[in-house]
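Trainee: Let me begin by handing over the structure; questions about it come next.
The values are calculated or read from the model by the stated rules, or taken from the named source; none is laboratory data. Please read these numbers as outputs of a predicted model, since none were measured by experiment. Every residue, glycine as well, gets a Cβ built from its backbone with ideal geometry; the counts of neighbours run over all protein chains shown.
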Amino acid sequence: MEKIHVSASGSYDILIEDGILEKTGAYLKDIIKGRKAVLVTDDIVDGLYSGKVSKSLEEAGFQVLKFVIPNGEASKNAGNFIKLLEYAAENKVSRADVMVALGGGVVGDLTGFAAASFLRGIAFVQLPTTLLAAVDSSVGGKTAIDLVAGKNLVGAFYQPKLVLCDITTFNTLPEEIFADGMAEVIKYGAIVDKELWDWLKEPLGHDEIEKIVARCVSIKRDVVEKDEFDTGLRQILNFGHTIGHSIETLSNYTISHGKAVAIGMSLASAISVQNGFCKDALLVDEMNGMLTRHKLPINTEFDAVSLIEPIRSDKKGDGAGVNLILLEKIGQYIIKKVSFDDICDMLSKVIKERV
Ligand SMILES: NC(=O)c1ccc[n+]([C@@H]2O[C@H](COP(=O)([O-])OP(=O)(O)OC[C@H]3O[C@@H](n4cnc5c(N)ncnc54)[C@H](O)[C@@H]3O)[C@@H](O)[C@H]2O)c1
């Protein structure tokens, strides 16, 4: 078992172990005073893993109140947020009780924000079942829902009480959803960890994946502990995301987060080389080779003029531009403040080179 401790505004453990979902109740009964558990999941994960989590919670003395949303990004909305709060209120859930997020990043983000808001904050626990949720969204306390105007526009920084990661749940992930998570794994290697990057060139079996999840979680923990509220260092985790979020928005979320981030990382690598921030022209080939190896896309059909529009309303911008996370080399990020017009020019050049 891997155990990683996070010390932020809330302190908690992240436990990575095969079969740990079956011990959910045993872990929760020691840290939760109440005996009601609102188990939030989506309609796919419900059929796969709710049974064993519910059983474990009930055996530990919890009353399980299950709330199921349709799977997919469209569910991370204000309607489901309010429905979940109403459901908790109707069932007289108290501040001593807990919300349990069983699923991917959509379930985790929605549940975390509901837990942060209900009764001004009740405990929540993350049970990530996608690679992306395990290495990224379940760690660090960013919770959110989407608005029509854009992704993650409403949310809170709110740390879970515990994260239990059972990587055997990845066995049921469709290949392309596993690949979405690999985009975030590749991101960690690209920005700070050349050794992790090199691991990703080898075949990945169960043991390697466990090692990779633990490494990514440790990297994220280190960043979050230094900058929980995203005022400085945490922005490095945004590598590929400024352009990626734009692609997600323009595609009306038909391109997944992971795939959009992959294209964003490819374009950000090309911008790094083209503007002299990276002296190694082979960086782009190395990035594209890694993304392709892990079944991720590298090109977009959107042009620079379209891509820049959502970037202008990026919540990390200041009206004049945004900090772009670029690469000096694999394993070494660089932060550059760039105006929107300059980003548009840079994107235009690197996209033109590819046609
Ligand atoms: N809070 C953060 O810090 C943070 C970081 C990165 C991403 N995110 C958010 O995470 C979301 C993306 O998360 P995601 O990629 O996990 O997507 P997701 O939650 O939509 O899950 C993807 C799909 O996989 C299915 N699924 C989940 N676990 C499964 C399993 N074990 N077996 C079979 N199917 C399974 C789901 O039903 C869904 O259809 C986005 O909304 C993104 O904004 C948040």
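Trainee: Being within 14 Å of residue 243 (Cβ to Cβ) and in a helix (DSSP H, G or I) is the filter; apply it to the stretch 331-344 and report the residue that is farthest from the chain's Cα centre (by Cα).
Mentor: Ranking the qualifying residues of the stretch 331-344, first place goes to 342.
Trainee: A follow-up question, please. Search the stretch 125-144 for residues that are in contact (Cβ under 8 Å) with a residue 40 or more places away in the chain and pair each with any residue that is among the basic types (Lys, Arg) when their beta-carbon atoms are under 7 Å apart and the residues are at least 6 apart or on different chains.
Mentor: 125/161; 136/220; 139/220; 139/221; 140/220
Trainee: Does residue 161 satisfy being within 11 Å of the ligand (Cβ to nearest atom), surrounded by fewer than 24 Cβ atoms within 10 Å (Cβ to Cβ) and in the same structural domain as residue 41 (by TED's automatic domain parsing)? Can you show your working first?
Mentor: Working: within 11 Å of the ligand (Cβ to nearest atom): no; surrounded by fewer than 24 Cβ atoms within 10 Å (Cβ to Cβ): yes; in the same structural domain as residue 41 (by TED's automatic domain parsing): yes.
No: the conditions fail for residue 161.
Trainee: Of 155, 79, 108, 140, which residue is in a helix (DSSP H, G or I) and either in the same structural domain as residue 211 (by TED's automatic domain parsing) or within 9 Å of the ligand (Cβ to nearest atom) (or both)?
Mentor: Details: 155 fails: in a helix (DSSP H, G or I); 79 fails: either in the same structural domain as residue 211 (by TED's automatic domain parsing) or within 9 Å of the ligand (Cβ to nearest atom) (or both); 140 fails: in a helix (DSSP H, G or I).
One residue alone meets the criteria, 108.
Trainee: Could you check how many residues of the stretch 242-272 are part of a helix (DSSP H, G or I) and under 14 Å from residue 150 (Cα atoms)?
Mentor: Final tally of qualifying residues: 10.
Trainee: Here are some residues: 180, 207, 227. Which one is under 26 Å from residue 318 (Cα atoms) and among the acidic types (Asp, Glu)?
Mentor: None of the others qualify; the one that does is 227.
Trainee: If you scan the stretch 200-241, which residues turn out to be part of a loop (DSSP other than H, G, I, E, B) and either crowded, with 21+ Cβ neighbours inside 10 Å or of a type in the set (D, E, K, R) (or both)?
Mentor: 201, 202, 227, 228, 230, 239, 240
Trainee: Would you call residue 50 over 20 Å from residue 110 (Cα atoms), touching a residue at least 12 places away in the same chain (Cβ under 8 Å), of a type in the set (Ser, Thr, Tyr) and assigned by TED's automatic domain parsing to the domain that holds residue 163? Write out each step before concluding.
Mentor: Numbers: over 20 Å from residue 110 (Cα atoms): no; touching a residue at least 12 places away in the same chain (Cβ under 8 Å): yes; of a type in the set (Ser, Thr, Tyr): yes; assigned by TED's automatic domain parsing to the domain that holds residue 163: yes.
Against the criterion (over 20 Å from residue 110 (Cα atoms), touching a residue at least 12 places away in the same chain (Cβ under 8 Å), of a type in the set (Ser, Thr, Tyr) and assigned by TED's automatic domain parsing to the domain that holds residue 163), residue 50 does not qualify.
Trainee: Where residues in the stretch 143-152 are among the small types (Gly, Ala, Ser) and part of a strand (DSSP E or B), which of them is farthest from the ligand (Cβ to nearest atom)?
Mentor: At the first step, the residues of the stretch 143-152 found to be among the small types (Gly, Ala, Ser) are 144, 149-150.
Next, only the ones that are part of a strand (DSSP E or B) stay: 144, 150.
Working: 144: 6, 150: 11 Å.
In this case the residue turns out to be 150.
Trainee: Inspect the stretch 191-199 for any residue being within 16 Å of the ligand (Cβ to nearest atom) and part of a helix (DSSP H, G or I) and give the result as yes or no.
Mentor: yes
Trainee: For the stretch 111-137, what are the residues that are more than 11 Å from the chain's Cα centre (by Cα), within 16 Å of the ligand (Cβ to nearest atom) and not in a loop (DSSP other than H, G, I, E, B)?
Mentor: The answer is 111, 112, 113, 114, 115, 116, 117, 124, 125, 126, 127.
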